[in-house]
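Asker: Pasting in a structure now, in structure tokens, and then I'll have a few things to ask.
Rule-based calculations on the coordinates, nothing more; no lab input. Please read these numbers as outputs of a predicted model, since none were measured by experiment. Note that we place each Cβ from the backbone using ideal geometry, even for glycine, and neighbour counts take in every protein chain shown.
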Amino acid sequence: MKRKAWMLIGLMIVLAACGKSEADERGEQFTYTRYELPLEDKVALGDGSHEIVFVFDYSCPWCKKWMESVLPEIESRWIETGEATFKGQPLVLLNEQSQLLASVDANAEQVMPERYYALQRHIGLDAETVSDFGTEAYVHRLAETFDVDAEALLAPQVDAGIQNARLYTRDLGVEYVPTVYVNGIKLLDAFSLEEMERVMSGEIEAGEQVEMPEE
């Protein structure tokens, strides 16, 4: 019951968590804030000096859209060129499927780190396209695809995804998903490649304020 209650609270607090590609509080100030993200030990994609962090929920359709449209651009512009690293951190905000897949994600990072991001993207792009998404049957098929032990992916976690959701929504500025940080600075618009570039170049710094975009 506590687990389901938390997921319901998370759903309410984060405004269905998903569906915002930019801030909705029109006409107000947005302050670029730098956060110390607890991701020092997380597997990274790439080895550049800048760090791009994608915080998402596997059940969020906007997060899937981000993986489809933004992540390939990040890879070609900054990861493949050696300028940046990428880290993807799933949270549990929306439903029980999110909870199972966040647990699978944490296990995959441990048992198959060299293919971790391939699996993360595979899951993300499967959202809304397969009928058994986020079920144990889905995880078994996923394990077969990646030639990994399904039981290793399904090993119980100590509610890591829910704990991360609490941490990120309480202390690290997450009000909706997807949320993106560049060098620890939370972006106004998770879908803006230009904004990412401006943070990496130093044109945007922590503490700067901008007007929220008008509709």
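Asker: How big is the gap, in Å, between the Cα center of region 162-191 and the Cα center of region 42-114?
Answerer: 13
Asker: P(r) for the chain, please, calculated from all Cα pair distances in 5 Å bins and given in %.
Answerer: Once binned at 5 Å, the Cα pair distances of the chain give 1, 7, 15, 19, 21, 17, 11, 5, 2, 1, 0.
Asker: Val158 versus Glu40, label points 7 Å from Cα toward the beta carbon: distance in nm?
Answerer: Distance between the two pseudo-spin positions: 1.9 nm.
Asker: Another question about this same structure. Assuming R0 = 22 Å, what is the FRET efficiency of Glu80 and Asp147, from their Cβ-Cβ distance, to the nearest 0.05?
Answerer: Details: r = 26 Å, r/R0 = 1.16.
Taking R0 as 22 Å, the efficiency between Glu80 and Asp147 is 0.30.
Asker: In percent, how large is the relative contact order of the chain, given Cα pairs closer than 8 Å and 6 or more residues apart?
Answerer: Numbers: 344 pairs, mean separation 78.8, N = 215.
It rounds to 37 percent for the chain.
Asker: What is the gain in length, in nm to one decimal, between Asp132 and Leu167 on full extension, counting 0.36 nm per residue of separation less the C-alpha to C-alpha distance?
Answerer: On the way: separation 35, 0.36 × 35 = 12.60 nm, distance 2.91 nm.
Taking 0.36 nm per residue and subtracting the Cα distance, the gain is 9.7 nm.
Asker: Here's a follow-up. What list of ³J(HN,Hα) values in whole Hz, one per residue of region 142-149 in order, does the Karplus curve 6.51 cos²θ - 1.76 cosθ + 1.60 (θ = phi - 60°) give from phi, with Gly and Pro shown as x?
Answerer: 4, 4, 5, 4, 9, 6, 9, 5
Asker: Per residue of the chain, what 222 nm ellipticity follows from adding -39500 (n - 2.57) for every DSSP H run with n ≥ 4, rounded to the nearest 500?
Answerer: Details: 9 runs with 88 residues, N = 215.
Counting only the DSSP helices, I get -12000 deg cm²/dmol.
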